[in-house]
């Protein structure tokens, strides 16, 4: 089984296939289409279904990139190499003294609902001028790609079940967005002045 | 109001098309339930108790008659003919079919309406004073700043997967009509000694199960940093807000845990980076935004008394004038509030035909513009005083002249257990019962804010109601806690609990007893909340509690 890497080159997404196992999160199990009659009938009293506590993974879902192993931050500190993967909870500023030695910084998205890595990306790009490859890994879903790209990610290790074509189209379709939010140097988006 | 150009329209249309694709992929099974949920939420769709619900954004509560007619059309064509106005200046449809939502949003996009970020763990619709731009006590018109916040927060890529929802309010008047104290992030606009517009920044307010009033984290912030400072606050929250428990994920918990001072230091440290970023504003940008607001003509004669003899003679009209109009900044004008709180009807609901009538009134009397207030009423911001009697007569004919703004029958209520999947209790029947009980003496009782939430999530802001009522579940029966002394204005305070919970059937009597106690204790001309302020909540707790024991 091999995975798909989408890579932005001069703002255009290209598809690279053959990402090795361990370098992308495997596909989730297939799901059946929803029954609209059930959806439209509502969910009744859903109070008992609320589970307030949320468990988060404590380690990245991946351990490799196409050029070799991809250590998590603690392991990378022991043996610094050209690539490292950060959790959303890990401060990217820890890497700042070492940016010159790095070629790839990957940031884990354990779920699409964890947006911490988006702040990590902007910190590295906009505050510290990191120019190297910034890769989204984990639950990298096609609907999140545009946001990730605008925050400065330049490559995307799609989760195993995600469509490379849909993902590439999402990255290459110019989406109107207001300016203000991210630096004009962000490699994506048809931003405009307000006047 | 802010006029959309081709770019704004293309953004909303693109978003609607994107959502159409997401719905199609969900229906095909390509998107799982868990994957679709945050996507539909960020387009305002909940799956409620009996049907999907669709929430449409009314940015800072401003809309025009054309948009109101479009909302009426959706109510007729896709719902059961009803629109519900919410406490966040939005509107909701409670009987929607999921597969129709792409067409609904495409239709609304044609008039500049959308559901972007009306739910989900992101920056929600920006809210402000419903009298913004027209209030006599206004210091700075907050609308251009609210519009800047809207543009900045719309599809902001860094903050679309926060730990929890994030609500922002902005106020520019002497009186806080925007309930800023109970928002995640809030701004007061004012002028410094040099006459420049500056901002007071407050963070960590909120209601729900851990009610907190927002703490001031920055004074005298130059307005040019409104967005860069917001970005610093949001970044601190995005990175450090708790994600291990959904009940502890709002920014108020983070501000509490760090302490407001330490939180402010974290923000300042982040601001050192964001302060020079792309969100930094300048005068040209603000001017460009201001220029996009449609000019209004306010040239009524300054004197403009209400001279009509019939008008002068009608005590009903005089009462309505007293209760439902507010001072306007422009001579010869008034701000009119149309009440959506007719006793016995669901608070904040309007039928499609009522909306059509209101749109016509706006066209005739208010230059086609309206506001949604967070009190769930409709405001006509540009009425000439000379037109007030004619407007009132038309409103009377349409059943829209209830003269109860700010009174005890102007109840704020959430949809509650009739619709909401999270509710412990039904708010609407209780609101009706209390309204009908208090209606005969509402004028005598005077200003009294009653807020009824069907559950701890506090959508109806019960913590800041003068009398707050909260639905709780006891052995599958509906019981209600009663709070006294909350307020959301400049003297914002959280209500305190008046004894143990009361059975549903006993609540109107308990409220009535509290009102009796107030009438007995008040000094001449003293409002309910001021009597509570003078005497404390204890006398009122006692009143509620005696009923509870008797019940």
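Please compute the length gained on full extension between residue B:291 and residue B:268, using 0.36 nm multiplied by the number of residues separating them and subtracting their Cα-Cα distance.
Working: separation 23, 0.36 × 23 = 8.28 nm, distance 3.20 nm.
Gain on stretching residue B:291 to residue B:268: 5.1 nm.
Averaged across B:31-39, how many Cβ atoms of other chains sit within 10 Å of each residue's Cβ atom?
Numbers: counts 6, 7, 3, 5, 10, 3, 2, 6, 4.
So the per-residue partner count for this stretch is 5.
Which order do the peptides B:157-165, B:356-364, B:389-397, A:92-100 take when ranked by the mean count of other beta-carbon atoms within 10 Å per residue, highest first?
So the peptides B:157-165, B:356-364, B:389-397, A:92-100, ranked by packing, come out B:157-165, B:356-364, B:389-397, A:92-100.
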Approximate spin-label separation residue A:55-residue B:472, in nm, with each point projected 7 Å along Cα-to-Cβ: 3.2
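When a footprinting reagent is the concern and you count Cβ atoms within 10 Å, what order do B:167, B:37 take, fewest first?
Details: B:167 21, B:37 18.
Arranged by neighbour count, lowest to highest, B:167, B:37 become B:37, B:167.
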Helix-only CD estimate at 222 nm, as mean residue ellipticity for chain B, using -39500 (n - 2.57) per DSSP H run (n ≥ 4): -11500 deg cm²/dmol
Computed label-point distance, nm, for sites residue B:497 and residue B:139 using a 7 Å Cα→Cβ extension: 3.7
Separation of alpha-carbon centers, the range B:146-176 and the range B:434-502, rounded to whole Å: 27
Footprinting exposure proxy for B:251, B:170 (fewest neighbouring C-beta atoms within 10 Å first): B:170, B:251
Computed label-point distance, nm, for sites residue A:29 and residue B:17 using a 7 Å Cα→Cβ extension: 3.7
Value of relative contact order over the range A:87-159, rounded to a whole percent, pairs C-alpha under 8 Å and six or more apart: 33
Average beta carbon contacts from partner chains per residue of B:420-429, 10 Å cutoff: 2
At R0 = 51 Å, FRET efficiency that the Cβ-Cβ distance of residue A:99 and residue B:99 yields, to 0.05: 0.55
Peptide ranges B:121-134, B:372-385, A:26-39 listed from the most packed, as the mean C-beta count within 10 angstrom indicates: B:121-134, B:372-385, A:26-39
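So if R0 is 30 Å, what FRET efficiency would residue B:261 and residue B:193 give, r being the distance between their Cβ atoms, rounded to the nearest 0.05? Each step should come with its number before you reach the end.
Working: r = 25 Å, r/R0 = 0.85.
With R0 = 30 Å, the Cβ-Cβ based efficiency is 0.75.
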Value of relative contact order over the range B:412-550, rounded to a whole percent, pairs C-alpha under 8 Å and six or more apart: 20
Nearest-0.05 FRET efficiency for residue A:2 and residue A:36, computed from C-beta distance (R0 35 Å): 0.45
Label-reachable residues, the range B:488-511, where backbone N falls under 13 Å from a point 7 Å from residue B:526's Cα toward its Cβ: none
Burial ranking of peptide ranges B:326-335, A:59-68 (average Cβ count within 10 Å, highest at the top): B:326-335, A:59-68
Relative contact order of chain B, pairs being alpha-carbon contacts under 8 Å that are 6 or more residues apart, as %: 12
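Calculate, in nm to one decimal, what residue B:6 and residue B:316 gain on full extension: separation in residues at 0.36 nm each, minus their alpha carbon distance.
Stretched out fully, the residue B:6 to residue B:316 stretch lengthens by 107.0 nm.
If you count, for every residue in B:233-240, the Cβ atoms of partner chains within 10 Å of its Cβ, what is the mean? Please report the intermediate quantities before stating the final value.
Values: counts 0, 1, 5, 1, 1, 8, 11, 3.
Counting other chains' Cβ atoms within 10 Å and averaging over B:233-240 gives 4.
Any read-out appearing in this document is the output of simple, stated calculations on the displayed coordinates, not a laboratory observation. All figures in this text were calculated on a predicted structure; none of them were measured in a lab. Using ideal geometry, Cβ is built from the backbone for each residue, glycine included, and neighbour counts are taken over all protein chains shown.
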